[in-house]
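This report concerns only the one structure given below.
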Amino acid sequence: MNHDLAKMRVGKEAARYLEDGMVIGLGTGSTTAYAIAEIGKRVRNESLQIRGIPTSSSAEINARKNGISICTFDDIDDRLDLAFDGADEVSPDLNLIKGRGAAHTLEKLVASQARRFVVLVDQSKMVDNLGVTAPVPIEVIPSAASVILRQLQTLGATASIRYGVRKDGPVVTDLGFWIIDADFGPISNPSQLSHTLLEIPGVLDHGIFFGLTTEVIVGAESGIEVIQNG
């Protein structure tokens, strides 16, 4: 499958959701980058008044480059109209694993504040069960990392600190935390695991997104499919 073509089609479809005056959440990652580019085209060509809340520094840079006005939650009085983001895995009930880009804490905040949370993926991200292809990223206080690693081991996970590429040492998030990637294998109860992880002292948040997705736009070489929640 041509993943770039699939992502481009998803991005074009996502941009069709825009209406003048919307405040939207802008996710992180390669698929969302295509959507941001297409949103920027509509903003320029149709003089749309769109404001975006980015989920990472890279999303903010990309949005500004494409002419999308940036705001924060301090600038708005209500929920976001829409939020767009990618995913590492999407289960049949539209729960997610996210966090390959180490931005899942802010991504979850933005998704939780959106009336519609639209997930943008290609077919390769659709799975029968969460945890079969992607570990669960966990954002942690650096000084607690060794303690958390031991606790994850008692929960049956194979876990390790994520290290940088072309950077010495651990990946450091935009919030100044570290990432632990925890492989639990197939996750039978995402909600229960979510609560268990959040109860561990030193954990800021994790990449299981449970009950937030309203719809998924799935791209393939042949076209797109929109899956509604419920």
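The values are calculated or read from the model by the stated rules, or taken from the named source; none is laboratory data. Since we're looking at a predicted model, the values are computed, not measured. Cβ coordinates were reconstructed from backbone atoms using ideal geometry, including for glycine residues, and neighbour counts include every protein chain displayed. Only protein heavy atoms, including side chains, enter the accessible area calculation; ligands, DNA and RNA are left aside. Shrake-Rupley method; radii C 1.70, N 1.55, O 1.52, S 1.80 Å.
The lysines whose alpha-carbon is closer than 22 Å to the alpha-carbon of K65, local same-chain residues fewer than 8 away aside, are K7, K12, K41. Rounding to the nearest 10 and keeping the result within 0 to 90°, find how far the Cα-based axis of helix 3-15 lies from the longest principal axis of the chain. Taking the Cα atoms of the chain, the angle to 3-15 is about 60 degrees. Remark: accessible surface ordering of K108, K41 (largest first) is K41, K108, probe radius 1.4 Å.
Note on E107: accessible area is roughly 10 Å² with a 1.4 Å probe, heavy atoms of protein only. Using a ≥ b ≥ c from the Cα gyration tensor of the chain (square roots of the eigenvalues), is it rounded, prolate or oblate, where a/c under 1.5 gives rounded and otherwise the larger of a/b and b/c decides, a/b for prolate? Verdict is prolate for the chain.
Amide H to amide H distances under 5 Å link E215 with F117, V119, N229, where only residues 5 or more positions off or on other chains count and H is placed in the peptide plane. Packing around the peptides 110-117, 79-86, 151-158, taken as the average count of other Cβ atoms within 10 Å per residue, puts them in this order, highest first: 79-86, 110-117, 151-158. Computed from Cα atoms, the angle from the helix 30-46 axis to the main principal axis of the chain rounds to 20 degrees. Restricting the GluC sites (Glu not before Pro) of the stretch 1-64 to loop positions (DSSP other than H, G, I, E, B) with no more than 14 neighbouring Cβ atoms within 10 Å leaves E19. The heavy atoms of H3 offer some 80 square angstrom of accessible surface to a 1.4 angstrom probe.
With the highest mean first, a sort of the peptides 62-71, 183-192 on other beta-carbon atoms found within 10 angstrom per residue produces 62-71, 183-192. Per-residue 3J(HN,Hα) values for the stretch 141-150, derived from phi via the Karplus relation 6.51 cos²θ - 1.76 cosθ + 1.60 with θ = phi - 60°, read 5, x, 5, 9, 4, 5, 5, 5, 4, 5 Hz in sequence order (x marks Gly and Pro).
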